[in-house]
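Below you'll find the structure, written out as structure tokens, and then a few comments.
No value in this document is a laboratory result; all are computed from the given coordinates. Remember, predicted model here, so these are calculated numbers, not experimental data. Here the Cβ is made from the backbone with ideal geometry for all residues, glycine too, and neighbour counts use every protein chain on show.
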Amino acid sequence: MFKIVRREEMAGGTVILDEIEAPKIAGKEKPGQFVLLKANENGERVPLTMAETDPEKGTITIIYMVVGKTTAIFKALQVGDAFQDVIGPLGKATHIEKLGKVVCVGGGTGTAVLHPITRAMKQAGNHVITILGARSKDLLILEDLMRKVSDDFYITTDDGSYGRHGLVTEALKDILDKEDIKQVVAIGPVPMMKFVSLLTKKYDVPTLVSLNPIMVDGTGMCGCCRVTVDNTTKFACVDGPEFDGHKVDYDELMLRLQSYIEEEKRSYENYCKLSG
């Protein structure tokens, strides 16, 4: 069992931060890797990238948005309760090296995935420019942590309630027009990663994205997490979760995700009715 030792609710309770006891994982995790969590015997496995690890305390920190039945069950667990299973670290770690100026672009809960990568980029000696985007100020997460690991920092909101009014791609274009950017890392909603990649391709700037499709076993055997990259089938759990953003078939990925999202919404509605 993996006990929750700290919880923080963000974005009006729709985004949850859990610090979990998992000493063996905390001692091995590298930026970009993820874990599979299961709340109980009958629960489903959910892949989540670790936002923080503390090897000394033996804890990992995960951040998720409550969007369906399983994440609602996760939220029902309180400090002192435990997840039945936490499996990891899984996936390939981010390749980190000193490149020069890099831009890290985060959207929504993707910022949690981006944080350890941004920190590692900074520690490697890169000049880190960070852009965080959200629909509104209330949905922005980890601003303080991301500022600490960035040389330059920008915020955009769709409704203009905080930072620059507009999309992350608009702020990114301004930077690409002025700066010699060696790499972009973009993590967030699939449409965001798609349009960031389309933009950076015009500037011939290498771009890394992190994909989070449905996963079951974390070994590539189930095939649920398959994605098409450079016209080849890849499995996000073992070949990723990070891929060359210029080679991902985003339209196929969005179609596959949509079918799962619709089913999850129906399941969540039934769960809410049964739980009152």
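How much of the DSSP beta bridge set in the chain is antiparallel, as a percent to the nearest 5? Walk me through the numbers on the way to the answer.
Numbers: 35 of 60 bridges.
The antiparallel fraction comes to roughly 60 percent.
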Could you give the nm distance between label points at LYS24 and ARG135, where each point is 7 Å from its Cα heading toward the beta carbon?
4.0 nm
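In debye, nearest 20, what is the charge dipole magnitude of region 2-90 about its Cα centre with +1 on Lys and Arg Cβ and -1 on Asp and Glu Cβ, if you could check?
Details: 11 positive and 13 negative charges, 35 e Å.
The dipole magnitude comes to about 180 debye.
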Counting only residues 5 or more places away or on other chains, whose amide H sits under 5 Å from the amide H of LEU132 once H atoms are built in the peptide plane?
GLY106, TYR154, ILE155, THR156
Each label point is 7 Å from the Cα along the Cα-to-Cβ direction; what then is the distance between the points at GLN258 and ASP144, in nm?
4.0 nm
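Taking the Cβ of MET121 as the centre, find all other residues whose Cβ is under 11 Å away and add up their charges (Lys, Arg: +1; Asp, Glu: -1).
Details: positive: LYS98, LYS101, ARG119, LYS122, LYS182; negative: GLU97, ASP151.
Here the charged neighbours net out to +3.
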Name the long-range amide H neighbours of GLY245: under 5 Å, sequence gap of 5 or more, or other chain; modelled H, no Pro or chain starts.
THR207, LEU208, VAL209
Förster-model FRET efficiency, 51 Å R0, ASP204 and GLN84, C-beta, rounded to 0.05
0.60
Tilt relative to the chain, helix 190-202 - C-alpha long axis, 0 to 90 degrees, to 10
20 degrees
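Counting each DSSP H run of 4 or more residues in the chain as -39500 (n - 2.57), what helix-only mean residue ellipticity at 222 nm follows after dividing by all residues, to the nearest 500 deg cm²/dmol? Walk me through the intermediate numbers first.
Working: 8 runs with 86 residues, N = 276.
Taken over the chain, the calculation gives -9500 deg cm²/dmol.
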Quick one: what Rg and Dmax do you get for region 117-207 from the alpha carbons, in Å?
12.7, 35
Counting Lys and Arg as +1 and Asp and Glu as -1 over every other residue whose Cβ sits under 12 Å from the Cβ of ALA134, the net charge comes to -1
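List the trypsin sites (Lys or Arg not before Pro) within region 1-88 that DSSP assigns to loop and that have no more than 16 neighbouring Cβ atoms inside 10 Å. Write out the running numbers ahead of the final one.
On the way: sites: LYS3, ARG6, ARG7, LYS24, LYS28, LYS38, ARG45, LYS57, LYS69, LYS75; in loops: LYS28, ARG45, LYS57.
Passing sites in region 1-88 are LYS28, LYS57.
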Can you pull the one-decimal nm distance between simple spin-label points at ARG6 and ASN40, each 7 Å off the Cα toward Cβ?
2.8 nm
